[in-house]
Amino acid sequence: MDPTDLQELKASIRTIADYPRPGIQFRDITTLLGNARMFRRAVDELVRPWTGSKVDRVAGIEARGFILGGAIAHQLAAGFVPIRKKGKLPHETVRVAYSLEYGLDEIEIHRDGVARGERIILVDDLIATGGTAEAAVKLLRSLGAQILAACFVIDLPDLGGSRRLEALEVPVRTLVAFQGH
Ligand code: AMP
């Protein structure tokens, strides 16, 4: 993407100060999603390296990863599999716990959501500490999936999430970065 387009994409993301807690700059992608041209550009650009390659499924992380992941799956002619907070999926699941700033959370995936050896792209709107995405990588790998890449519209590089995923040998693709939290 050329610098002007990237600038425009970044400007389409709304920042809300002190949400949901004081000190957090919440990066709100609803303004990007509501802009037809920016939504299409973000999806096209995120998956450009895999256009034409075989991708079996896109795994989206609840909830904004569902919106982007569904569009990306369509674009790549791949299936879609949801990764959800615990207790939301109706069939048999596998679950993994991960730490948050305060305490623990758990995410899960249907046990039959991914088959051994499948080629998967993981999607969420934003990577911060990488805790959520790392848990998703563990879930997918526990089912024998091959993770081609993890894609996020937004990187918060100061929080180190991208490096954390790369240390797990997951290639990371992000489009725009914001400094700080
Ligand atoms: P993390 O596990 O720390 O990488 O956090 C990533 C998850 O939290 C993603 O699902 C994001 O949507 C959400 N998140 C974390 N920080 C922010 C932020 N500053 N603005 C918007 N969403 C965030």
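The values are calculated or read from the model by the stated rules, or taken from the named source; none is laboratory data. Here the structure is a predicted model, which means the values were calculated and not measured. Counting neighbours? That spans all protein chains shown, and the Cβs are built from the backbone with ideal geometry, glycine included. To get the accessible areas, we keep the full protein, side chains included, count just its heavy atoms, and leave off ligands, DNA and RNA. Shrake-Rupley method; radii C 1.70, N 1.55, O 1.52, S 1.80 Å.
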Exercise. Take I127, I24 and sort them by solvent-accessible surface of the protein heavy atoms, 1.4 Å probe, largest at the top.
Key: I24, I127
Quiz item: When only C-alpha pairs under 8 Å and at least 6 residues apart count, what is the relative contact order of the stretch 1-114, in percent?
Solution: 15
Self-check item: Candidates E62, E134, E166, ranked by Gaussian network fluctuation over the chain, Cα under 10 Å, top entry
Solution: E166
Exercise. With a Förster radius of 25 Å, plug the Cβ-Cβ distance of A115 and E62 into 1/(1 + (r/R0)^6) and report the FRET value to the nearest 0.05.
Key: 0.70
Quiz item: Which number comes out as Rg/Rh for the stretch 1-66 once both Rg and the Kirkwood Rh are worked out on C-alpha atoms?
Solution: 1.04
Quiz item: Among residues other than R48 whose Cβ falls under 13 Å from its Cβ, what is the net charge (Lys/Arg +1, Asp/Glu -1)?
Solution: 0
Self-check item: Positive-end extreme of charge dipole, the stretch 52-177 - chosen from V153, V172, I121 (charges on Cβ)
Solution: I121
Quiz item: Within the P(r) computed for the stretch 112-181, what percentage of the Cα pairs occupies the region above 13 Å?
Solution: 60
Quiz prompt | Convex hull (Cα only) mean projected area of the chain, reported in nm² to one decimal | solution = 10.1
Self-check item: the chain - accessible surface per residue (Å², probe 1.4 Å)
Solution: 50
Quiz item: For the stretch 29-71, what's the radius of gyration and Dmax over Cα atoms, in angstrom?
Solution: 11.0, 31
Exercise. Taking 7 Å along the Cα-to-C-beta vector as the label spot, tell me the K54-S99 distance in nanometres, rounded to one decimal.
Key: 4.0
Quiz item: What is the extension gain from M1 to Q179, computed as 0.36 nm multiplied by their sequence separation minus the C-alpha to C-alpha distance, in nm to one decimal?
Solution: 62.1 nm
Practice problem: Kindly report, to the nearest 10 Å², the accessible surface of D158 as traced by a 1.4 Å probe over protein heavy atoms only. | Solution: 90
Practice problem: Count charges around G160 for me, please; just the other residues with Cβ under 15 Å from its Cβ, Lys/Arg as +1, Asp/Glu as -1. | Solution: -3
Practice problem: Quick one: net charge around D112, please, counting Lys, Arg +1 and Asp, Glu -1 for every other residue with C-beta under 13 Å from its C-beta. | Solution: 0
Exercise. Starting from the residue with the highest accessible area, list Y98, Y19 in decreasing order, probe 1.4 Å.
Key: Y19, Y98
